[in-house]
Amino acid sequence: MLRLVLAALAVVALGSGPASAQAYPNRPVTLIVPFAAGGPTDIIARIVGEHMARTLGQQIVVENVAGAGGTTGITRGAQAKPDGYTIMMGHMGTHGAAPALYPRLRYDPTKDFEPIGLAAGTPILIVGRKAFPPNTLKDLITYLQTNQAKVNQAHAGVGSVSHTTCTMLQSQLKVKSTLVAYRGTGPALNDLVGGQVDYMCDQIVNLVEQIKAGNIRAYAIATPERSPALPDVPTTKEAGLPQYQVSAWNALFAPKDTPKEIVARLNDALDKALDDAATRKRLLDLGGVIPDKAGRTSAWLGNFVKAEVDRWTPILKAAGAVAE
Ligand code: ASP
């Protein structure tokens, strides 16, 4: 009798969750990448997405919705139905710097999302076209200070990582280059390789292959230590600009009010992807920094986003990038 009652209770318990969460996912999940294909956000989304799809037993379809430094795609994602079938790959720009740069931003990174988890940390590098005259970071500094008007700097739109991190660089050097905006640093890198633009600051995962192939110059990596993926590239500290320290990141978010059970399923799938040897190797070979277990929870990401918004506003104000 007791067994029967327990079994009945179990059935009731199983039946008590939202129907959508139980069946989830029963169709493909759309993953919005707010930049053009081929750039770092897209690369990281496709690497982790591929393994997550296997765990979830459903396809993850990447949709590139580029524009306005990533804020167009994230606005779309924030307004999507919170059912787990639309998620997005945000980053330090869309969920850290954007509020300081867009007074009319249509989302609040700290309130309008259910954080899923951090996908990768991405050190920042300063890179130039192959035939750009400066050879070293010190040469680059002098060159920027003496030729600022004729130097072009590529970026992925106001508020993007490449924009904010190079804004920080220029503020420290007291120079202003001519800015050239792209829909992501994938296409920006193509033009850097082609020699149409002079330099940029970008997330490592975009750059390793082209640096190794000798198609672009790497002046420095803005982290305290060199990257195992690029052992020959000096740190900014070694190369003479120790105050330029900056790193970025990419993370998955769901729209606010996505059921907790679904967010947990997505977090679990991301966690499994980051534990998978082949997925780890792909990220590490590109210089990605894989979060440890403590840095993979949804709660950790929620707190991190708040800290990032607080961190970037004064930096961008000091750089004169924020309208008062
Ligand atoms: N790394 C880019 C940025 O500057 C965006 C991209 O992933 O293409 O924000």
*Kindly indicate the residue of the stretch 169-182 that is within 21 Å of the chain's Cα centre (by Cα) and buried (at least 23 other Cβ atoms within 10 Å of the Cβ) and also nearest to Ile126 (Cα to Cα) among those meeting that condition.*
Leu169
*Within the stretch 106-120, can you find the residues that are surrounded by fewer than 23 Cβ atoms within 10 Å (Cβ to Cβ) and within 13 Å of the ligand (Cβ to nearest atom)?*
none
*When you scan the stretch 103-197 for helices (runs of 4 or more DSSP H) that lie fully inside it, which ones turn up with 2 or more residues that are closer than 23 Å to His91 by Cα?*
161-173, 185-194
*Could you list, in sequence order, all residues of the stretch 183-203 that are within 10 Å of the ligand (Cβ to nearest atom) and surrounded by 24 or more Cβ atoms within 10 Å (Cβ to Cβ)?*
Gly184, Thr185, Ala188, Leu189, Met200, Cys201, Asp202, Gln203
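Among the residues of the stretch 100-132, which ones are β-branched (Val, Ile, Thr) and over 22 Å from Val158 (Cβ atoms)?
Result: Ile116, single match.
Matching residues to (1) of a type in the set (Phe, Trp, Tyr); (2) under 30 Å from Ile216 (Cβ atoms); (3) at pLDDT 95 or above:
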| site | (1), (2), (3) |
| --- | --- |
| Pro103 | no, no, no |
| Arg106 | no, no, yes |
| Pro109 | no, no, yes |
| Ala119 | no, yes, yes |
| Thr122 | no, yes, yes |
| Arg129 | no, yes, yes |
*Which one of these is within 16 Å of the ligand (Cβ to nearest atom), small (Gly, Ala, Ser), crowded, with 17+ Cβ neighbours inside 10 Å and not in a helix (DSSP H, G or I): Ala254, Ala220, Ala248?*
Ala248
*Would you call Asp83 out of contact with any Lys or Arg (no Cβ under 6 Å at 6 or more places or on another chain), over 29 Å from Thr297 (Cβ atoms) and among the acidic types (Asp, Glu)?*
no
*Within the stretch 131-141, is even one residue in contact with an Asp or Glu (Cβ under 9 Å, 6 or more places away or on another chain) and within 16 Å of the ligand (Cβ to nearest atom)?*
no
_Those helices (runs of 4 or more DSSP H) lying entirely in the stretch 16-95 with at least 3 residues within 10 Å of the ligand (Cβ to nearest atom), at pLDDT 95 or above and of a type in the set (A, V, I, L, M, F, W, C)_ = 40-56
_Single residue of the stretch 279-306 satisfying the filter (free of Cβ contacts under 8 Å to residues at least 24 places away in the same chain and touching a helix residue (DSSP H, G or I) at 6+ places or on another chain (Cβ under 9 Å)) that is farthest from Ala53 (Cα to Cα)_ = Ala294
_Verdict on Thr178 being of a type in the set (Val, Ile, Thr) and more than 16 Å from the ligand (Cβ to nearest atom)_ = yes
*Within the stretch 281-324, work out how many residues are closer than 21 Å to Ile204 by Cβ and out of contact with any Phe, Trp or Tyr (no Cβ under 9 Å at 6 or more places or on another chain).*
14
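The values are calculated or read from the model by the stated rules, or taken from the named source; none is laboratory data. What you see is a predicted model; the values in this text were computed from it and never measured. Neighbour counts run over all protein chains shown; Cβ positions are idealised from the backbone, glycine included.
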